[in-house]
Amino acid sequence: MPALTALAPAKINLFLHVGAVDADGYHPLSSLVAFADVGDRVSVEPADRLSLTVDGPFGAGLGATEDNLILRALRQLGEACGIGEPKLKVTLDKRLPIAAGLGGGSSDAGAALKLARDVLALDLDDHALEAVAGVVGADGPMCLRMRTAWAEGRGDVLTDEPRLPLLPAVLFNPGVPSPTGAVYQAYDAGPVRSANRPAPPTDWSVEAVIDRLSVQRNDLEAPAVSLTPAIAEALRAVADTPDVALTRMSGSGATVFGLYRTDAAANAAAAILAEIHPSAWVRATCLAAS
């Protein structure tokens with residue numbers, strides 16, 4: 001059987017409201033999550049043992065370590081199905097920056113689980129796979145779904161949102177990591193806000209959605225900036241592009257996104273950013289409901 005390949009798309013938090021840490025060490029949150037049309041590429045094929053090869057532009061910074069989320073997810077899949085460790089060769093073409101607030105590792109694991117199900121001809125629906133994906137973290141199930149959703153609880157209470165229009169966007173990463181744990185610690189040390197879910201827009205046009213998102217926030221942005229000043233520079237760089245309608249950090253950073261009203265505006269902004277910041281990672285993309 002030839003290798004099966006799929007895109008593991010970047011996850012974007014269009015807003016992210018975070019509450020106080022609970023007794024179990026988790027933060028309640030509320031977010032509207034969308035997925036880009038750029039990401040890593042994952043390939044899976046039958047083999048005589050489980051293995052992972054990592055290459056691509058950001059492959060050297062990751063490596064095929066035993067705690068890689070793909071391997072963790074596939075071992076959990078084998079355990080859930082009673083087949084032992086799946087005999088699969090997995091290749092990850094790592095195209096997204098690492099520790100970038102884009103859910104790359106969880107998205108990689110989600111893509112690998114779906115491909116493994118097909119390669120192994122397992123009788124599992126997506127709901128069963130979501131339970132397996134939870135082993136990689138709270139965003140595992142949403143990254144397995146790979147479609148726009150309201151995320152609440154610890155990020156695992158999901159409500160699909162098919163009304164999101166196509167949102168032209170630019171992703172800008174300044175080339176520095178933003179470790180999630182450190183960002184949450186910095187958030188806990190400062191003013192803690194509420195994980196409130198805002199009312200959805202009554203009008204789902206691009207203009208109305210951007211207007212509604214503009215009055216929301218990412219509660220991790222300020223603590224991330226305090227730890228990694230390059231994020232502030234990235235926010236300014238995107239905010240200075242022509243025709244940008246909204247600029248915000250995604251997740252725990254360091255990637256910043258800009259929303260635009262047209263593909264042409266997003267493409268033009270990406271070209272400007274890439275020329276001015278040649279060492280940064282810049283991609284024009286489109287955020288879609290599914």
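Derivation of every value follows stated rules applied to the coordinates shown; laboratory data play no part. From a predicted model like this one, the values you see are computed outputs, not experimental measurements. Note that each Cβ is placed from the backbone with ideal geometry, even for glycine, and that neighbours are counted across all protein chains shown.
Specify which residue in the list LEU129, LEU113, LEU166 is farthest towards the positive end of the charge dipole of the range 112-168, using unit charges on the beta carbon of Lys, Arg (+1) and Asp, Glu (-1), about the Cα centre.
LEU166
Just to confirm the filter: which chymotrypsin sites (Phe, Trp or Tyr not before Pro) across the range 2-101 are DSSP coil and have at most 15 other Cβ within 10 angstrom of their Cβ?
Sites meeting the loop and neighbour criteria: TYR26.
Dipole of the range 4-160, Cα-centred, from +1 at each Lys and Arg C-beta and -1 at each Asp and Glu C-beta, to the nearest 20 debye?
340 debye
As I understand it, the dipole of the range 167-287 uses +1 on the Cβ of Lys and Arg and -1 on the Cβ of Asp and Glu, about the Cα centre. Which of HIS277, SER178, VAL192 lies farthest toward its positive end?
Sorting the options by dipole projection puts first VAL192.
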